[in-house]
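The values are calculated or read from the model by the stated rules, or taken from the named source; none is laboratory data. Note that the structure is predicted; figures quoted are calculated from it, not measured. Please note: Cβ atoms are built from the backbone with ideal geometry, for glycine as well, and neighbour counts cover all protein chains shown. Ligands, DNA and RNA are excluded from the accessible area calculation, which covers all protein heavy atoms including side chains. Shrake-Rupley method; radii C 1.70, N 1.55, O 1.52, S 1.80 Å.
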Amino acid sequence: MTVADFMGAALGHPEYGYYMTRDPFGVDGDFTTAPEISQMFGELIGLWMVNCWQEMGAPDRVHLVELGPGRGTLMADMLRAAKRLPAFLDAAKVTLVEMSPTLSTVQERTLEEHDINWCSSVDALPSDAPLLVAGNEFFDAIPIRQFRMTESGWREILIAIGPENDDLQPVLAPGSGPAIALIDPSLSNAAIGTTAEIAPASWDIADRLARRIAEQRGAALFIDYGYDGPATGDTLQALRKHKPVPVTYEPGQSDITAHVDFTALRRVFSEAGLNASPTATQGAFLQALGIDMRARTLLQSASPQQAKDIASARDRLIRDDGMGKLFKVIGVRHPDQPPLAGLEPQTDRDPI
Ligand code: SAH
């Protein structure tokens, strides 16, 4: 099977898929994400959303959407920060796009104070108002395909059952296959042994979402670990209890992710008619949104232990040796929406 079929089943098989059966986050789980590290992350993104809403003229109704919300922590922090503007909370209807029944239950508990809708794909999003969309570590969980350059050109990497035992192992497909056409043509001279990755399933989701935003107006923000293309290198990885394990080891028992090619995503969003920001680092983005000021405010009412935790969470989120540089941010918007805070140069505002 293709790497994409393997990854899709390992993560999303209704009975055995990794996300379908468990809550994998936190110290006792397999990995930790930015919203689980500090409330500051979601609060700043919540204010970013409020700002987008104000800049679109504060419409009476807007859909606040999150793709792949995990435990629901990011949305809870966004909504808490948004309380500063009750008119926004009145206008905002929350929709979570989630495939896992187990995680939907966790989200329901985290967000019990709020009125929430769920849907399982972007196609099912409501169509009657602008969309403000967030996704943290969403695209890294969407299946990718991998190719290897050989003496006879690009060949797809497949996952097969080994000849001697039942162990799964990567093999090369006999021919190149039609998906080869999706590989960046600039890679045609890649050295033998080079791995290339494509993410057609992510591009499909991005395209469907982009068409909705182009029609309904709005903006979207994606944070993930990744790079600006070309997409060479093997970025597929599996994590179990915070440690790397082989990708094919006990499928369904570890988190499998791939780095996101932001250049390719940007192209999909642009081709569907949206304006896409350059890629920013998470560190630069959170600092532009005022994480230092938020940390100082929280420190004012913190115990000595809490103060230590706040300072170390801030460092972990923004420093180069934490998540600040590896994690990247891209924002996309309807062309009528003004440039996005923290991601694009701001146009001059009228004096108040
Ligand atoms: N955003 C959260 C969780 C990231 S993990 C955080 O930052 O903590 C990835 C999330 O995406 C999980 O909630 C997983 O169930 C969900 N997910 C993965 N593939 C999906 C798909 N195709 N459709 C909808 N949700 C998906």
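Here are some notes:
- Residue check, ALA191 in contact (Cβ under 8 Å) with a residue 24 or more places away in the chain, of a type in the set (A, V, I, L, M, F, W, C) and either open to solvent by less than 60 Å² (accessible area, probe 1.4 Å) or assigned to a helix (DSSP H, G or I) (or both): no
- 1 or more residues open to solvent by less than 40 Å² (accessible area, probe 1.4 Å) and more than 16 Å from the ligand (Cβ to nearest atom): qualifying helices (runs of 4 or more DSSP H) within segment 45-151: 73-82, 86-91
- Among the candidates ALA238, ALA295, ALA284, residue that is farther than 27 Å from ASP28 by Cα and outside any loop (DSSP other than H, G, I, E, B): ALA284
- One residue alone among GLU151, GLU215 is at pLDDT 90 or above and under 30 Å from LEU132 (Cα atoms), and that residue is GLU215.
- If the condition is being open to solvent by 10 Å² or more (accessible area, probe 1.4 Å) and part of a helix (DSSP H, G or I), then segment 18-42 contributes TYR19, MET20, THR21, PRO35, GLU36, ILE37, GLN39.
- Residue pairs whose Cβ atoms lie under 6 Å apart, separated by 6 or more positions or on different chains, with the first residue in segment 222-234 and charged (D, E, K, R) and the second not in a loop (DSSP other than H, G, I, E, B), are ASP224/PHE139; ASP224/ASP140; ASP224/VAL260; ASP228/PHE262; ASP228/THR263; ASP234/THR195.
- For segment 1-21, the set of residues classified as more than 10 Å from the ligand (Cβ to nearest atom), over 30 Å from GLY175 (Cβ atoms) and in contact (Cβ under 8 Å) with a residue 12 or more places away in the chain consists of TYR16, THR21, listed by residue number.
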